[in-house]
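Written out below as structure tokens is the structure these notes cover.
Values quoted throughout were computed directly from the atomic coordinates according to the rules given, and no laboratory measurement underlies them. Since the model is a prediction, treat every value here as computed from it, not as a measurement. Ideal geometry is used to build each Cβ from the backbone, glycine not excepted, and the neighbour counts take in all protein chains shown.
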Amino acid sequence: QVQLVESGGGLVQAGGSLRLSCAASGRTFTNWTLAWVRQAPGLEREFLAAVSRSGSSTYYADSVKGRFTVSRDNTKNTVYLQMNSLKSEDTAVYFCAAKNATLGWVIFKRGPYDYWGQGTQVTVSS
């Protein structure tokens, strides 16, 4: 049983920045690879970024590479998504998801995630 709670979403102007947080319950936070996924209305869910169990490795989708940064603090059971140079097309609900697997497994196997947060709305004005 793992619970994930996202926070930090809101309204921001194009070109601005926003920092999302995902707080996890439990004492086995380091067992989980954490990922950020978003979904805009009428579109399928889109993988954005993932960070390994230790936080030493990250992976990004091309759409956000160079603009977004994922990190984690295992002492705080929290994963972050720093979003810079935001565009109107970044408007979506952003989800934190966890998988009991390595980062490589998450990236290349693309199996289902074990747990999801409820999501936080990010709206970028044009």
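Subtract the Cα-Cα distance of Thr30 and Ser71 from 0.36 nm times their separation in residues, and report this length gain in nm to one decimal. Write out the running numbers ahead of the final one.
Values: separation 41, 0.36 × 41 = 14.76 nm, distance 1.29 nm.
Here the answer is 13.5 nm.
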>> Quick check for me: using +1 on Lys/Arg Cβ and -1 on Asp/Glu Cβ, what's the dipole size of the range 71-114 about its Cα centre, in debye to the nearest 20?
In response: 160
> What list of ³J(HN,Hα) values in whole Hz, one per residue of the range 107-119 in order, does the Karplus curve 6.51 cos²θ - 1.76 cosθ + 1.60 (θ = phi - 60°) give from phi, with Gly and Pro shown as x?
Replying inline: 6, 9, 7, 6, x, x, 6, 7, 9, 10, x, 7, x
> Count the lysine pairs in the chain that are 8 or more places apart or on different chains: how many have C-alpha atoms under 25 angstrom apart?
Replying inline: 5
> If you line up the Cα atoms of the chain on their principal axes, what length do they span on each, largest first, in Å?
Replying inline: 40, 28, 26
> Can you work out ³J(HN,Hα) from phi for every residue in the range 44-55, in order, using Karplus 6.51 cos²θ - 1.76 cosθ + 1.60 and θ = phi - 60°, giving whole Hz and x for Gly and Pro?
Replying inline: 6, 5, 10, 5, 10, 6, 8, 10, 5, 4, 7, x
> Amide H to amide H under 5 Å from Arg53: which residues, 5+ apart in sequence or cross-chain, H placed 1.01 Å off N in plane?
Replying inline: Leu103
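Charges at C-beta only: +1 for Lys and Arg, -1 for Asp and Glu. How large is the resulting dipole of the range 1-68 about its Cα centre, in Debye rounded to 20?
My answer is approximately 200 debye.
Counting Lys +1, Arg +1, Asp -1, Glu -1, what net charge surrounds Gln13 among other residues with beta carbon under 13 Å of its beta carbon?
Counting the neighbours of Gln13, the net charge comes to 0.
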> Arg72's amide H: which non-local residues (gap 5+, or another chain) put their own amide H closer than 5 Å, with H modeled 1.01 Å from N in plane and none for Pro or chain starts?
Replying inline: Tyr80
>> Going 7 Å from the Cα of Ser56 along its beta-carbon direction, which residues of the range 67-109 have the amide nitrogen within less than 13 Å of the resulting point?
In response: 103
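May I ask you to list the GluC sites (Glu not before Pro) in the range 1-105 that are in a DSSP loop and have at most 13 other Cβ atoms within 10 Å of their Cβ?
Glu44
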> Summing +1 for each Lys or Arg and -1 for each Asp or Glu, what net charge is found among the other residues whose Cβ lies under 13 Å from the Cβ of Leu43?
Replying inline: -2
>> Beyond 19 Å, how much of the Cα-Cα pair distribution for the range 1-57 remains, as a whole percent?
In response: 44
> Could you give the distance between the Cα centres of the range 66-107 and the range 1-32, to the whole Å?
Replying inline: 8
> So what are the ³J(HN,Hα) numbers for the range 95-101, from phi and the Karplus equation (6.51, -1.76, 1.60; θ = phi - 60°), rounded to whole Hz, Gly and Pro as x?
Replying inline: 10, 9, 9, 10, 9, 7, 6
